[in-house]
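Student: Below is one structure. I have some questions about it.
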Amino acid sequence: MAESVERLQQRVQELERELAQERNRRVPGSGEGGGGRVRIEKMSSEVVDSNPYSRLMALKRMGIVSDYEKIRTFAVAIVGVGGVGSVTAEMLTRCGIGKLLLFDYDKVELANMNRLFFQPHQAGLSKVQAAEHTLRNINPDVLFEVHNYNITTVENFQHFMDRISNGGLEEGKPVDLVLSCVDNFEARMTINTACNELGQTWMESGVSENAVSGHMQLIIPGESACFACAPPLVVAANIDEKTLKREGVCAASLPTTMGVVAGILVQNVLKFLLNFGTVSFYLGYNAMQDFFPTMSMKPNPQCDDRNCRKQQEEYKKKVAALPKQEVMQEEEEIIHEDNEWGIELVSEVSEEELKNSSGPVPDLPEGITVAYTIPKKQEDSVTEVTVEDSGESLEDLMAKMKNM
């Protein structure tokens, strides 16, 4: 019985891959009822109105990116196709990413219309199906693979792991990056668990419940803090998120904040994949003050996730195996030692005065130096003066002073 179930599951996965390949072979706008354009085999920098890549390829001419065409060789998985995830998917599609894998189990609702991307006529459709249809019309050069399920269940988690490991641009290869655009901690911890086990680099993002702040975070297993290294209070206290929700009460959301967070997320995805600029390990956004805080967090050696601790050990070994680079100290060049005007710089302090104003250097740990030293105190020699006792009282002395 178990073998039959396993064979059926394998067959389902094979059919899903065949379906995805068949969908990717279909070209919108070529007699199948789509309004899109035909596929473009190779990106061109030709500046004509009919070239959708001319402004992207201009990044090469500007010296920003050395090889923009490389964008087509990457596969990115997006978990959560809501307010942030849908806009993220659209931006990457317009940038010409090679392949997108979309994971979500929710449906489009009219309540989602305050956000970007989805349209009223798509209400009732699954978010991944609606997103695929829209994105495919925007750019048919991108390959799409959609999965309409909840990744937090045991059965779906295994399939999610399989697609992360084997769903790359070339079947059997892992994806290049996983993006978390979910709205709950359970799903974030699930992605964290999967990526720690696989050693998969991923980026986490989110928007606050009051809709005026958000963030993105790059997580490289073993090198930077994972989501379990410094978990939010809800996760650390093991609180069931469902118990925090109240009937008739929902979180606020603004398309502006979600658009900004999606923008900084995709910007860092492009920098990470195409190797330009500086990739932020953490970048926040506070809409109330237009504040963008940045920071980086080291992994926690006592992290609750054993795979995170394992990845930390492997990263330490990797760093230790790298050849050590010798730091060469360059001597400061003396500027204007000789000049045509015969000007000389003369110290107002003599060598002897300088020596007397310095003290012994204390014994300090390696790497720590002092800015100055304190000279030893010199005891002033005072000549002792002996005063003879006259035998007069204090009152007599005071009287003499008054008569003077």
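The values are calculated or read from the model by the stated rules, or taken from the named source; none is laboratory data. The structure presented is a predicted model; accordingly, all values stated were derived computationally and were not measured. Virtual Cβ from ideal backbone geometry, glycine too; neighbours counted across all protein chains shown. We work out accessible area using only protein heavy atoms, side chains counted, and drop any ligands, DNA or RNA first. Shrake-Rupley method; radii C 1.70, N 1.55, O 1.52, S 1.80 Å.
Student: For Val235, which of the numbered conditions (1) loosely packed, with under 15 Cβ neighbours inside 10 Å; (2) modelled with pLDDT under 90 fails to hold?
Tutor: With (1) loosely packed, with under 15 Cβ neighbours inside 10 Å; (2) modelled with pLDDT under 90 applied to Val235, the lone miss is (1).
Student: Another one. Only one of (1) more than 28 Å from the chain's Cα centre (by Cα); (2) open to solvent by 50 Å² or more (accessible area, probe 1.4 Å) is not met by Arg94, so which one is it?
Tutor: Condition not satisfied by Arg94: (1).
Student: Kindly indicate which of Pro365, Pro301 is modelled with pLDDT of 80 or more and assigned to a loop (DSSP other than H, G, I, E, B).
Tutor: Pro301 is the lone residue from the list that is modelled with pLDDT of 80 or more and assigned to a loop (DSSP other than H, G, I, E, B).
Student: Is it the case that region 19-37 has a residue that's at pLDDT 70 or above and of a type in the set (Asp, Glu)?
Tutor: Checking region 19-37: not a single residue is at pLDDT 70 or above and of a type in the set (Asp, Glu).
Student: When only residues in region 273-287 that are among the aromatic types (Phe, Trp, Tyr) and in contact with a strand residue (DSSP E or B) (Cβ under 7 Å, 6 or more places away or on another chain) count, which is nearest to Leu116 (Cα to Cα)?
Tutor: Tyr285
Student: State whether one or more residues within region 220-231 are modelled with pLDDT under 95, aliphatic (A, V, I, L, M), in contact with a Leu (Cβ under 7 Å, 6 or more places away or on another chain) and not in a helix (DSSP H, G or I).
Tutor: Checked against the condition, which is being modelled with pLDDT under 95, aliphatic (A, V, I, L, M), in contact with a Leu (Cβ under 7 Å, 6 or more places away or on another chain) and not in a helix (DSSP H, G or I), region 220-231 yields no hits at all.
Student: If you don't mind, there's one more thing I want to ask. Condition first: open to solvent by less than 30 Å² (accessible area, probe 1.4 Å), not charged (D, E, K, R) and not in a loop (DSSP other than H, G, I, E, B). Now tell me which residues in region 158-189 satisfy that.
Tutor: His159, Phe160, Met161, Ile164, Gly167, Leu177, Val178, Leu179, Ser180, Ala187
Student: Here's something else I'd like to know. Considering every residue within region 195-207, establish whether at least one is buried (at least 20 other Cβ atoms within 10 Å of the Cβ) and farther than 30 Å from Lys316 by Cβ.
Tutor: Yes, the conditions are met somewhere in region 195-207.
Student: Would you mind finding the one in Phe144, Phe117 that is within 30 Å of Leu56 (Cα to Cα) and either open to solvent by 20 Å² or more (accessible area, probe 1.4 Å) or not in a strand (DSSP E or B) (or both)?
Tutor: So the residue among Phe144, Phe117 that is within 30 Å of Leu56 (Cα to Cα) and either open to solvent by 20 Å² or more (accessible area, probe 1.4 Å) or not in a strand (DSSP E or B) (or both) is Phe117.
Student: What's the number of the condition Ala111 fails, among (1) crowded, with 20+ Cβ neighbours inside 10 Å; (2) in a helix (DSSP H, G or I); (3) not polar (S, T, N, Q)?
Tutor: (1)
Student: While we're on this one: Filter region 262-291 for residues that are in contact with a Ser or Thr (Cβ under 9 Å, 6 or more places away or on another chain), part of a loop (DSSP other than H, G, I, E, B) and not small (Gly, Ala, Ser) and give the result.
Tutor: Listed by number, the residues that qualify are Asn275, Phe276, Phe281, Met288.
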